[in-house]
Structures are given as C-alpha cells and as structure tokens.
C-alpha cells in the first residue's frame, strides 16, 4: 500500500505493525508505549508498544503510556500521507502531545 493510499487510522496502524514485524532491529534499544487518542470518524484508542527490539501497533489502549498523542483520526491519516505537517499540526493545536517529548520526536525516525 502506497503511503498516499491510506484512508483510515486502522490502515495506518496496520501498516505500522507490518513495518515493525518486518524490521524489528529498527526499534532495538527503545522501550516505550505510545497511546493515540483519536477523535472523529474512525477514532478511538490506538497504540504502539516498542520493547526489547520488537514492536506492535494496533487498536486499543495501553496502560501508563510514555507519550499520548491526541488528534483526529483524519489528521493522523494526513500526517502519515504527508498532507499535514507534524510541526504545523502541533503548533496549530491539531496535535496535542503529553509525556516524554524526546520519545515523541523519536517516533518519527522509526516510520519516516
């Protein structure tokens, strides 16, 4: 699936999960839990958990996340397809980040 083919948050997290399984060494040395609190159509809680060189992404919440991202499901798709700039989304309030900002910034290096 080409990056610009994403239409739902579920598709974004499915693709991220596939990437984590295909190249677990990319996240080696990182132990973190990310929670995505998505609003609007297709919203709900989603997660990414990185632990001991493996990772998993999908629907559902995680307890005690290191970082929580709050945004609309549509904006998440926009970020992943490149139609929405992450810095601009953050500065305009479309993206809210709570928790470890270092880990938040590191996430983009795994999937960029």
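Laboratory data are not the source of any read-out in this text; all were calculated from the coordinates shown. Just so it is clear, the structure is predicted and the values come from calculations on it, not from any experiment. Neighbour counts run over all protein chains shown; Cβ positions are idealised from the backbone, glycine included.
Summary table
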{"item": "Beta bridge orientation in the range 24-103: antiparallel %, DSSP, nearest 5", "result": "75 percent"}
{"item": "Over the range 63-112, relative contact order from alpha-carbon pairs under 8 Å, at least 6 apart, %", "result": "47 percent"}
{"item": "Whole-Å distance, taken between Cα centres, linking the range 91-112 and the range 1-53", "result": "13 Å"}
{"item": "Efficiency of FRET from Cβ geometry, residue 41 and residue 108, R₀ 35 Å, rounded to 0.05", "result": "0.90"}
{"item": "Length-normalised contact order for the range 3-111 - Cα pairs under 8 Å, 6+ apart - percent", "result": "27 percent"}
{"item": "Scattering profile of the chain at q = 0.10, 0.18 Å⁻¹ [log10 I(q)/I(0), Debye over alpha-carbon scatterers]", "result": "-0.25, -0.88"}
{"item": "Over the chain: helical MRE at 222 nm, DSSP H runs n ≥ 4 each giving -39500 (n - 2.57), nearest 500", "result": "-10500 deg cm²/dmol"}
{"item": "Inter-site label distance for residue 23 and residue 87 at 7 Å from Cα along Cβ, in nm", "result": "2.3 nm"}
{"item": "Theoretical gain in end-to-end length, residue 97 to residue 14 [0.36 nm per residue, Cα-Cα removed]", "result": "27.7 nm"}
